[in-house]
Each structure stands twice: as structure tokens, then as C-alpha cells.
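The structure appears right after this line, and notes come after that.
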Amino acid sequence: MSSPKQDIILQLQKEVLSMQRLKKGSAQNLNTGLWEVEQAFPDHTFPLGAVHEFISNASEDAAATNGFMMGLTGQLIKKGTAIWVSSKRTIFPPALSLFGIDPERIIFVDLWRQKEVLWAIEEALKCDAIAAVIGELSELSFTESRRLQLAVEQSRVTGFIHRYSPRIENVTACVSRWKIKPLASNANGLPGMGFPRWNVQLQKVRNGKPGEWQVEWSGGQFRYIARPVISITETPKRKAG
Amino acid sequence: MVRRKPELKDVPFVMAAPERGRMVIKAATPLAQAKGIDVEMVVADCRAIMPELQVLDDKPGIAEKLLNGLAEWCLRYTPVVAVDLPNGLILDVSGCTHLWGGERPYLKDIIAKLTAFGYDVRVAIADTIGAAWGVCRYGTISPIVAPGKQSDALLQLPPAALRLDPAILERLDKLGLYEVQSFIDMPRKALRRRFGDTILSRLDMALGLEHEVIQPIQPIEPYHERLPSLEPIRTAKGIEIALKQLLEKLCQRLIEEEKGLRKCVFKCYRIDGIVQQIAIGTNRPSQNVVHLFKLFELKIATIAPALGIEVFTLDAPVTEDVAAMQDTLWNFKEGGNGTAVGELLDRIAGKLGVDAIHRYLPDEHYWPERSVKVAASLTEKAQTSWRADLTRPIHLLPKPETIEVTVPMPDYPPMLFIYKGVLHTVQKADGPERIEQEWWLQHGLYRDYYCIEDDNGARYWLFRAGSYEQGDPQWFIHGFFA
């Protein structure tokens, strides 16, 4: 491919991005510390001012997902406060300091009804004085997610929607869909548990390349773990008789 | 009563209530009084005087209720109306009478309106409450006491006009002091010795030498705005316009005085006499018209204008000084500020209730359930720092749930555990971390906490309540690590 053609393609890609309002004018960047993961995003930067969707199906996965989200939020919240809207909250605030967050910087809004949760998330996303909005709910229809996306396009707030055991994993207008699962930690031969480690699956990302990575949270930042050669050692089935 | 039962209009009747086993008359109509029937008589005696007398039950509290209702009605004459039990109303008419063209037309209007309702009223205007009280009840010459002429007006009146106790009145009567003028010039010392302090203070009150306060039925709001409308308003749009105008006036005043309101009440006085009101509260003092309007906007739909609203009022019962800037704590990103967050929370609290919003601060307890406390306000700062050295799970179950374990004795972490019917094989474990009961708060078993990682890499926080030496301890799951 000749170089002028590549330029044209790059130019067009940028135009498409600006049409989709993903490209930002400001130099605000989220340094996730995960170069490998950032390659999956358009423009190689983590999309801020957008709504990210996380899906988890088990309590263990939900904890891992919240851990990963908190790792991201910890970067954002340095510049402000976050609002956590949920209907069934189990988060334990003292644990947030592990992710570099002052738990008092997070304002929790605990509601019962799904509709109220959505309303509160939308209102919070419209408020540009907030650094991040975390919403925990199970169902999110396309229309509802579109509303949230429109809200952040105005305010440039970053939203994380954590859907715990949704009935169906329907299409949404969110910029990405993540699935986080816990992985066995590595204590480097020492007894006991190591740093939290997750399997981060980026299932969908607008204008990017989905992928799967293994990530560890240690020393207050994410660390990419080179994927080990997976050797599936299945336990031999015991033969009858 | 006549108003409700017109057939009683020309019949003498009394209100009676039981007292010490007898029916005693509490109120009597002028027709009945003309026949010599008076308050505090026993019904049986009155029946003897007047067999056709109608006796109605006097329900306790009904007179007070009626009086309160009348007092509220009288708010049209002045904003300061007080109830003077058992049978009077006190109106502070300063600066009000000229609207009716002077004191005489003012009184005439009150009398005419109330008489039309069927009430038997007497009125008086004086500089002091005491003088007005006396002239109103016992005066015979003129209901209007000219400024500074209280003592002249009082001279001819009986001592009862001074609001004295029956015991004192009786003694005055015995001594032949039938009029105020006969003792008003006596030496104060002599009066005090014979009749006590009350007579002097009552005299001073009537003459304006002693200050007397009344308890208005509607407390006077320092921040109060009023908007009458030419035509009755019936539309939501009209209400919004009225609300906006009032808010602008109120906020203008608040800004000038460097105050912010925490509570605000918007009242709509309907043509049919019913008052509709909506109230809002804010998380931090606010003087922002747009924000306050947004809070009210959520509730405007609850106002039923019916035939129309004639007067709108806006009160700010709770105001606070606006703190210079409380934003330092939050260190907001460029352009944003704490006010915006406060306003967002106000909207959420206004719609979904203030109980929904929580913020947590560390509390000095090791016991996990007690290690956080709810912050009282948006700006409350932590007294102590968060403990970073303890491993705490990101998810904590509201109540520990029991699990079944296979565990080597006595203090090792489990090898297997079953939670919700699923078997987890323990791969790695940390612990135990013993957390003792805080005996000054609660008694019970201590907990030995273990951090557990199973074969899927999932991490749990388990504990054993008590030890194996004390019998068969229960195992619980209390949280999930990230």
C-alpha cells in the first residue's frame, strides 16, 4: 500500500472517530499502565467520556470486576469524586484504599428499583463535576444505554456499568464490553496469596480490536502478565470397574 | 353551629359538657342568656328555667379548633394573628389598617364579615394587648383607643378587664374596688402586698409599661416572598412562572445577605381556601435559582390547582451562611466544583429520598461490620485515616453465611469448603487473623479470618467463630476479594 493511501485511511479513521464523538479535544488521558490492553482501543487510548459495560455472572467474578473497575477509577478519581449507584451493594469501602482510592471520595447511592437506579446514573453522568460514575444493575436495554451514552457525550464523564448476572447479554450502546474473571495469584513460591490477578476479556470495543489479557494489580497499578503457555492437565477420568 | 344547622337560628340553645358528674353549660346563645341562663350553670337547673332549651354536646377541643380556624381566616387582615384562649384573637394591625381606609372601616369590615358568618364578635384597637383586651370585653364607649390613651380608656372598666385571676377579682370586689380607676393610683407597694405581683404586671401590660409578646399562629418567616395573581392560575406553566419569580426575589435577597437556603416551602393558596404546598431540602446552602427551580420542578405536578390559585408564597424556614468555598476537600477537576455535586445530590435526594445517599468514613474498630461509619454530611472529613495494612475484601456480605468445611485441626485453614452447594478446593491460604469481640460493645465468640484462594483463582474471606477447644465451631464466608 502506498503511503498517500495510508494517510487517507488515517485521515478517514480520525474523521469517523470525531463523528462518533470519541475523539477528544482535551489532552486528558487515562494512564492505565497497560500498554498491551490500550492497543485494542481506537487511537490507542482508553476511551474516557464514555460508558463501559462490565458483565459478571458469579459473585467471585463480580468481586474481580469491581476490583478491575476500581483500578481504573482510582486513576480517574484523583481529579474528583465518584458516584456509585447500585441496587444491591456489597462493596466494602475500606478495601478501596488498596486501589488508591480514598473511600470517602465515593458517594454511594443505594436504591431499590431498577428505574430509579437508571435515573440516578443518568443524572450523575450529566454532572460534569464528577470524575466517574459506577452503576450496578442487571438489565440494561439498548435504549437505556443510548440515553446514558448521550448523557456522557455532553458532560465527558466516564461511566462504568456493572451488570451482575443479566438475563441476556443484549446489544448496548456502550463503548466496550468487558468480562473480568479471577485468576490464581502467584506468590512467587511464598506461601499464601499473591496479588490479585484477573483474566481481562474485552469482548466488544467500538472501533477497536477485542482481546483477552491477564492482568495483575500490584504496587498500586496494573501489570500485564505475559500469557503463560496453557497446558490443560485434565484429570484422567476414572474408569469404571 | 348556627352556620351548620340553620334550624337552630331562632332557638335558644347551649353547649354543655360533663363536669364532676353533672352536665355544665359551657356556652350559651344570646337568646338563652336573655332568659338568665349563663355559663357554668348546671343543665338541670336551666331546664327548670326554660323547658324548651336545646342542649348540645360540647366536644372538648372544638372551640380551640374553631378559634384556630378563625385565626387563620383573619390572616387576610394582618400577617400576625395569635389565638388568645379561650375566646379571643389578637391581631397585630400595625401598618395594616390604612389598606381598609382607616381603623374604623377596618373594624367594621371584620365585624361585618364575622357577623355574616353568625359569630357574635366584639373588637377593639389599642396600643397594648392588655388595653385592647379589656376594652373589647368590657368597654362601652368606643372600640378604638387613641394612641397613648390606654389609661383613660381603662379607668371606667371593671377590674376583670385587666385579665386577673378570679381570686384577686373576688378580693377587689370585697374591698369595693369595682372600677380600675379606684385602685390604679394606689401605691404600688400596697397593691403588691395585698394582691400579689400579677396585678402590677397586668396593669403595666395594659398601660404599655411592660412588654408583652404574642405567639402568632403563623410564625413570621424572615425569608418570605409573596406573589398575588390578578387572575386565578390554573396551569402548570403559570405555576412555574410564579415560582421562578419568587425564587428570583428570594435568591436575590439571600445573595445580598450571603445566606443559602437549606429548606424551602412553596405554598399555593387556592380560591376555595385550600393551601397546597411543596417543599424541598438541599444538601448544602443554596442560592442558585436554576438549581432550586429544578428541585421544585420534580414536584410541581403534585399541585392540584382546582379552580385556580390566587396567592403564591415562598418561605425559606432554614437558611445557613454560605461557606466561603468548601471545595478544597474534593479537589475538583477543572471547571467543576462542589456546588455542582451538591446540586446533583439534592436532585437525587429530592426524588429518591435522602436515605439513599451514603458516604463512609473510617471508624476505629477492628470488627469488620463496625469499621466504617456513615458520614453525617458531604463535607465531613475523616478523623482517622483508612487502614491500608489490613487485607479486607472488596465485597463484604451483609451477613456472614455458613459454609461446610474440611479442615485440619486446630488452627489450619480449610482444605475444602462448600458454599451454596459448590465445592471449592483451597489452593492458597493466608491467616488466621484473629479479630476479638469488642467486649465493651458486644459479647460473643472471636473470629479467626482466613484469606482463601480456590482452584479457580477466586478469593474468599472465611472465618471460624470460636475455637475447637470450645466445642464445634461454625465456619462462615464473609466476603470476596477482588
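Quick note: the coordinates plus some simple rules give every number you see, no bench work behind them. For clarity, every value in this text was computed on a predicted model and none was experimentally measured. A quick note on method: Cβ atoms are made from the backbone with ideal geometry, for glycine too, and the neighbour counts reach across all protein chains shown.
Structure summary
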{"quantity": "Net +/- balance of residues flanking B:Y468 in space, Cβ distance below 13 Å, scoring K and R +1, D and E -1", "calculated": "-3"}
{"quantity": "The protein assembly as shown - mean residue ellipticity at 222 nm from DSSP helices (-39,500 (n - 2.57) per run, n ≥ 4, rounded to 500)", "calculated": "-8500 deg cm²/dmol"}
{"quantity": "Rg/Rg_ref, the range B:6-60, where Rg_ref = 2.2 N^0.38 Å and atoms are Cα", "calculated": "1.02"}
{"quantity": "Rg(Cα)/(2.2 N^0.38 Å) for chain B, N = residue count", "calculated": "1.57"}
{"quantity": "Cα gyration tensor, the range B:65-121 - rounded (a/c under 1.5), prolate or oblate", "calculated": "oblate"}
{"quantity": "Span from the the range B:346-377 Cα centroid across to the the range B:384-449 one, whole angstrom", "calculated": "25 Å"}
{"quantity": "Relative contact order of chain B, defined on C-alpha pairs under 8 angstrom at six or more residues apart (%)", "calculated": "7 percent"}
{"quantity": "Given charges at beta-carbon only (K, R positive; D, E negative), |dipole| of the protein assembly as shown in Debye", "calculated": "1420 debye"}
{"quantity": "The range B:23-125: GluC sites (Glu not before Pro) in DSSP loop, at most 10 other beta carbons within 10 Å", "calculated": "B:E40, B:E52"}
{"quantity": "Tail fraction, Cα-Cα pairs, chain A, threshold 24 Å, whole percent", "calculated": "48 percent"}
{"quantity": "Order of B:T339, A:T65 under a 10 Å beta carbon neighbour criterion, fewest first", "calculated": "B:T339, A:T65"}
{"quantity": "Restraint check, B:K65/B:K108; A:K88/B:K259; A:K88/B:K420, Cα-Cα greater than 27 Å", "calculated": "A:K88/B:K259"}
{"quantity": "Within-13-Å neighbourhood charge of B:V55 [Cβ basis; K, R +1; D, E -1]", "calculated": "-1"}
{"quantity": "Loop-located chymotrypsin sites (Phe, Trp or Tyr not before Pro) in the range B:98-201, at most 14 other Cβ atoms within 10 Å (DSSP)", "calculated": "B:Y119, B:Y178"}
{"quantity": "Net charge over other residues, Cβ less than 14 angstrom from the Cβ of B:H98 (K, R count +1; D, E count -1)", "calculated": "-1"}
{"quantity": "Kyte-Doolittle mean at least -0.5, axial Cα span of 27 Å or more - DSSP H helices of chain B", "calculated": "B:236-256"}
{"quantity": "Isotropically averaged projected area of the protein assembly as shown, using the convex hull of Cα atoms (one quarter of hull area), nm²", "calculated": "54.1 nm²"}
{"quantity": "Protection proxy ranking, peptides B:17-23, B:461-467, B:158-164, average beta carbon neighbours within 10 Å, highest first", "calculated": "B:461-467, B:158-164, B:17-23"}
{"quantity": "Order of A:K209, B:K26 - criterion: other Cβ atoms within 10 Å of each residue's Cβ, fewest first", "calculated": "A:K209, B:K26"}
{"quantity": "Burial ordering of B:R193, B:R447, A:R156, fewest other beta-carbon atoms within 10 Å first", "calculated": "B:R193, A:R156, B:R447"}
{"quantity": "Gyration tensor (alpha-carbon) shape descriptor, the range B:236-307, a/c threshold 1.5", "calculated": "prolate"}
{"quantity": "Unit charges at the beta carbon, dipole of chain A: most positive-side option, A:G192, A:V109, A:N170", "calculated": "A:N170"}
{"quantity": "Whole-number D in µm²/s for the range B:115-209 (Stokes-Einstein; Kirkwood sum over Cα pairs; 25 °C, 0.890 mPa s)", "calculated": "180 µm²/s"}
